Amino acid sequence: MSMQIRVGYELIYNFPKPTPVILTLNIHASRAGDILSPDFIVAEPHIRVSGYYDGFGNWCSRIVAPAGRIRLSTSALVQDSGDVDIVAPNAEQYAVENLPEDTLVFLLGSRYCETDRLSEIAWSLFEKTPPGWARVQAICDYVHNRIAFGYEHARVTKTAWEVFNEQRGVCRDYAHLAVAFCRCMNIPARYCTGYLGDMGTPKPWGVMDFAGWFEAYLGGRWYTFDARNNIPRIGRVLIARGRDAADVAIATTFGPNTLEKFTVWTDDVAEDAVALTG
């Protein structure tokens, strides 16, 4: 059932001096046709914002933040199918020599996904699983069951190897470990970030944040997987894709700063309307 989703954020930073920043905060171009009201970045105080597409097809914005406090915000309306993530149990795993060239980079180790350190472990865990969809799902099941979720476990430097050993983390850590295991098993996998609300799940709902999940290349296309939730979900709104979180950081700052406020929302417009009139 089609739905409309209100997404947005409010970020307040404090910079001791003028500082260049790269922001990856806009909805991905693949969803451009679904955007009913655009997610322009609103900066207070007003500053110039320029943009470019990076090597992974993500829209990035460049600013020079002035000294002092700056508020960055947006509010956008997105049309969504309301369908859950696609499940394709028969999607096959391609032999490496048959993979398209543009998928090969997603077989390699990266900043947060150390395939060299995890390869032997991955093969010991998943070699006997059926190749293809079942193997990726087995990886998700393992990561979902091994890792304890908690925001207190978040650490911006945490890698897949550390997640495996510490057995705790947040959504990006689940995704990094699953991505690394997929690559070790010769399945291209790429990290994704975006909005993911709690629509369709039992209440009470937790505090919203940008979400991390991943995509695996099977059967000639990319499919969504989510080791953190490990069930098909509705209402994903993609922002960016890359090798890992380093490629899709919401803000890359070239100087010291303090993040004073961080708020994210993603709400079903129809459900909000019922709540207001109920």
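The values are calculated or read from the model by the stated rules, or taken from the named source; none is laboratory data. Remember, it's a predicted structure, so these values are computed and weren't measured experimentally. Here the Cβ is made from the backbone with ideal geometry for all residues, glycine too, and neighbour counts use every protein chain on show.
Structural remarks
- From S61, S110, S73, residue being assigned by TED's automatic domain parsing to the domain that holds R233, surrounded by 15 or more Cβ atoms within 10 Å (Cβ to Cβ) and of a type in the set (S, T, N, Q): S110
- The combined condition, being over 23 Å from the mean Cα position of the chain (by Cα), of a type in the set (K, R), part of a loop (DSSP other than H, G, I, E, B) and closer than 17 Å to T19 by Cα, is fulfilled by R48.
- The single condition from (1) among the β-branched types (V, I, T); (2) modelled with pLDDT of 95 or more; (3) under 16 Å from the mean Cα position of the chain (by Cα) that V156 fails is (2).
- Residue within the stretch 23-35 that is part of a loop (DSSP other than H, G, I, E, B), in contact with a Phe, Trp or Tyr (Cβ under 6 Å, 6 or more places away or on another chain) and either crowded, with 18+ Cβ neighbours inside 10 Å or at pLDDT below 95 (or both) present: yes
- Qualifying residue in the stretch 2-12 (condition: surrounded by fewer than 17 Cβ atoms within 10 Å (Cβ to Cβ) and closer than 15 Å to V264 by Cβ): yes
- The stretch 70-88, subset under 27 Å from G219 (Cβ atoms) and among the small types (G, A, S), residue modelled with the highest pLDDT: A88
- Residue among R183, R172 that is under 26 Å from I63 (Cβ atoms), part of a helix (DSSP H, G or I) and either in contact (Cβ under 8 Å) with a residue 24 or more places away in the chain or in the same structural domain as V21 (by TED's automatic domain parsing) (or both): R172
- The stretch 186-212: number of residues that are in contact with a helix residue (DSSP H, G or I) (Cβ under 6 Å, 6 or more places away or on another chain) and either assigned to a strand (DSSP E or B) or free of Cβ contacts under 8 Å to residues at least 60 places away in the same chain (or both): 5
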